Amino acid sequence: MAKSGKKKPLVAERRYPKKTAKKRKPAARSRKSGPTKRRGLLRRIIMAPFRFLFRLMTRLALRIAMVGILVIAAAIGYTYLTLPPLEALIDGRTRGSVTMLDRQGAVFAWRGDQFGGPISAAAVSPNLKNAVIATEDKRFYRHFGISPRGVASAIRINLREGRGALQGNGGSTITQQTAKLLCLGVPYDTDKWKSEAAYEADCRRTTMSRKIKEAIYALAMELKYSKDEILTVYLNRAYLGAGSRGFEAASQRYFSKSSRQLNVAEGAMLAGLLKAPSAYAPTNNLKRSQNRASVVVNLMQEQSYISSAEAAAAKSSPATLSAAATAQAGGYFADWIMDSAPSFLTRDTTEDVVIKTTFDARLQKAAEDALSAVFENKVRKGSKAQAAIVVMSSDGAVRAVVGGRTEKVVGAFNRATQAKRQTGSAFKPFVYAAAMDFGFQYDSIVEDAPFTIDIPGSGPWSPQNYTRDFKGPMTLTDALRQSINTVAVKVSEEVGRENVRGVAEAFGIDNKLANGPALALGASESTLLEMTGAYAGILNGGRSVVPYGLTELRLKGENAPILAQAGGMGDRVITPQAAQQLTYMMHRVITDGTGRRAQMNGREAAGKSGTTQAARDAWFIGFTAQYVVGVWMGYDDNTPLTGVTGGGLPAEIWRETMVRVSEGLPSEPLPMLRPAFPPSADGFVPFDRRRPRSDVSAEDIILDVLSRIFGR
């Protein structure tokens, strides 16, 4: 059969054969599939609550974070609205300052919170500004008020050194430090805090809640003020030791120049004080302050504020104190002024006060050098004995005060003005001053002999002399010259204790004086300042004086004084003739009496020594025609002195002081009686004033009259 004519179409062969999908063989059923499914299901059931809790906590945390951010933002906003204008933040002191000038008008002491006046970050020396930033906050111009990196670094350092996370380094920015200086805007309230120190301690707390508040306040400040404005507040409010509030006050205090004029070394020294103002204050330890400044200079170089050459120059020529700051003269004097002037103008002042005083820096140094010389050369090493000196003019103007062996002090115990000690024989001139007004003369004769006084309630009492012997008849001059106790008591009893007490009080000894016969021997207490003032009354002719140191007090910036004083002269106590005789008697104490070690070549002087019972106190007080000097020596705890009397070391301190004080002054004669012959009791019978007139013979009267006429 013939094939049909239909042909198959031509199709090219596939280059690659078509892969045929392999049919998957049904997997063999595992015997473990059942348990695995069950475990997966169990795991999902167990984890389901945890996944739910995680998602819930995440959502909750996000919401809390959002709420926290809103709360913080609200707190920052509220704080921002409460921040005052910049001008109100510059001077934040709660009390004012006292600046003291010496008699020449030069500043010698500062007290209170010194504020040199407002300064701005743009106006201060770049050396100071750069030193502060390099030391305290090198990222100051780059952060937004807080520095998480700085806080983390500080915490790491604190933990590494074994402290708490917030103890020690705080990692605070300058903005945060400024917030702390502002006490987060909380003003000082006397009803809430016992003192300004307690207020500042509360402001410096470093609890977590406090740090959070501090951060919020800092962030608000960054929004309210510019960086330079924040730095301006910081520069004006930082405490820098020695009562200095702000860098202008510190610059004036330590260098006697404006903060605009500071060089690299000076700026570095002030910036270094921020770490520990009192410890690094150059007035406390200049070398320590210079070492700290060297660290600051290195930081300034590392941060490219200064070149290596400038750094080397600053370290080779470190900052030094000004002459006034170096001297720190008159600390005891300044403290006395602060205590004696009205408190609302000194200790409790809210104003800036300027006080002109009678202080003389040259005489102060003379007294300090004299005391040091005697203790270095005449007193055993390690002795705890103390001494005090007062230098005064005859009108009561106090020129120098040394209140103890430590020279540079603030607020120390002042033995010249605060210590009340028994005066011993230094009181005897007032016994004889009273006697002069009752008819006694420098050459009146009294017998040095044993006698007894019956003291009601105590029984019989017999005064004894230091030498434990009796010398018989002697003149009052010799009795004072040799410091005879029996004669002093006899004279006191003759003129009356009340009269002796009255004369002493009129001369300025303003303390409770003894009632018994031991009054004449200095059983009462007084201060060195009072005793020196009383002796000044003898020098000026018998008129009392009131020791004074303040001559003018005014508010800073004002010309009219609030207080002024021209002198301390008071009422007349004894006659000029009596004062001249008494001065002569005291002159003999130094020329050939118990005060011989106080003699000065070519210069007349008068004085009196004093030693109390068991030598617990030793005194020497005296004067030349120009100055009165008082010296006390003893132990603070009343331990008896060993081998010391008033005519010994105190007399030597007095002489060393007076020689230095009188340097360059003409030698002027004392205002005293000058008898042709020294008074003597040889060949005369003493006239006993206590005997009744009926018992006095005509011979006694004649001899007494002749002795007065001829001075024998």
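Some points to look at:
- Count of the stretch 274-309 residues which are within 30 Å of residue 389 (Cβ to Cβ), crowded, with 18+ Cβ neighbours inside 10 Å and free of Cβ contacts under 8 Å to residues at least 40 places away in the same chain: 1
Let's see how each residue does on (1) crowded, with 18+ Cβ neighbours inside 10 Å; (2) of a type outside the set (Ser, Thr, Tyr); (3) part of a helix (DSSP H, G or I); (4) touching a helix residue (DSSP H, G or I) at 6+ places or on another chain (Cβ under 8 Å):
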site: 184; (1), (2), (3), (4): no, yes, yes, yes
site: 187; (1), (2), (3), (4): no, yes, no, no
site: 190; (1), (2), (3), (4): no, no, no, no
site: 193; (1), (2), (3), (4): no, yes, no, yes
site: 197; (1), (2), (3), (4): no, yes, yes, no
site: 214; (1), (2), (3), (4): yes, yes, yes, yes
site: 217; (1), (2), (3), (4): yes, no, yes, yes
site: 220; (1), (2), (3), (4): yes, yes, yes, yes
site: 223; (1), (2), (3), (4): no, yes, yes, yes
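- Residue in the stretch 356-368 that is among the β-branched types (Val, Ile, Thr) and not in a loop (DSSP other than H, G, I, E, B) present: yes
- Filter result for residue 642 (of a type in the set (S, T, N, Q), at pLDDT 95 or above and at negative phi): no
- The condition of being in contact with a strand residue (DSSP E or B) (Cβ under 9 Å, 6 or more places away or on another chain), assigned to a loop (DSSP other than H, G, I, E, B) and surrounded by fewer than 22 Cβ atoms within 10 Å (Cβ to Cβ) holds for only one of 412, 419, that being 419.
- Any hit, the stretch 567-576, residues being modelled with pLDDT of 95 or more, in contact with a Pro (Cβ under 7 Å, 6 or more places away or on another chain) and surrounded by 21 or more Cβ atoms within 10 Å (Cβ to Cβ): no
- Yes/no for residue 96 being modelled with pLDDT under 90, surrounded by 12 or more Cβ atoms within 10 Å (Cβ to Cβ), outside the structural domain of residue 223 (by TED's automatic domain parsing) and under 26 Å from the mean Cα position of the chain (by Cα): no
- Neighbours by Cβ (under 6 Å, 6+ apart or cross-chain): first from the stretch 587-605, modelled with pLDDT of 95 or more; second among the aromatic types (Phe, Trp, Tyr): 598/654
- Take the conditions (1) assigned to a loop (DSSP other than H, G, I, E, B); (2) touching a strand residue (DSSP E or B) at 6+ places or on another chain (Cβ under 9 Å); (3) within 21 Å of residue 102 (Cα to Cα); residue 405 misses just one of them, which is (3).
- When the stretch 536-561 is filtered for residues that are part of a loop (DSSP other than H, G, I, E, B), touching an Asp or Glu at 6+ places or on another chain (Cβ under 9 Å), touching a residue at least 60 places away in the same chain (Cβ under 8 Å) and of a type outside the set (S, T, N, Q), the ones remaining, listed by number, are 547, 556, 557.
- Screening residue 452 against (1) touching a Ser or Thr at 6+ places or on another chain (Cβ under 6 Å); (2) within 29 Å of residue 624 (Cβ to Cβ); (3) surrounded by fewer than 24 Cβ atoms within 10 Å (Cβ to Cβ) leaves a single unmet condition, (2).
- Options 434, 426: the member that is in a helix (DSSP H, G or I), in the same structural domain as residue 635 (by TED's automatic domain parsing), within 20 Å of residue 651 (Cβ to Cβ) and of a type in the set (Gly, Ala, Ser): 426
- Taken residue by residue, the stretch 609-624 has at least one member that is surrounded by fewer than 24 Cβ atoms within 10 Å (Cβ to Cβ), without any contact (Cβ under 8 Å) to a residue 60 or more places away in the chain and part of a loop (DSSP other than H, G, I, E, B).
- When restricted to residues that are more than 23 Å from residue 327 (Cα to Cα) and aliphatic (A, V, I, L, M), the stretch 371-416 contains 2.
- Residue count for the stretch 399-444, restricted to those that are under 20 Å from residue 587 (Cα atoms) and of a type in the set (S, T, N, Q): 4
- Within the stretch 310-352, considering residues that are under 21 Å from residue 404 (Cα atoms) and aromatic (Phe, Trp, Tyr), the one surrounded by the most Cβ atoms within 10 Å (Cβ to Cβ): 333
- Candidates 275, 315, 287, filtered to the one that is at pLDDT below 95 and over 16 Å from residue 89 (Cα atoms): 275
- Failed criterion for residue 393 (all others in (1) of a type in the set (S, T, N, Q); (2) crowded, with 18+ Cβ neighbours inside 10 Å; (3) at pLDDT below 95 hold): (3)
- Residue match in the stretch 310-327 (condition: over 22 Å from the mean Cα position of the chain (by Cα) and at positive phi): no
The values are calculated or read from the model by the stated rules, or taken from the named source; none is laboratory data. Keep in mind that what you see is a predicted model, and the values were worked out from it rather than measured. Neighbour counts are summed over all protein chains in view; Cβ atoms, including those assigned to glycine, are modelled from backbone coordinates with ideal geometry.
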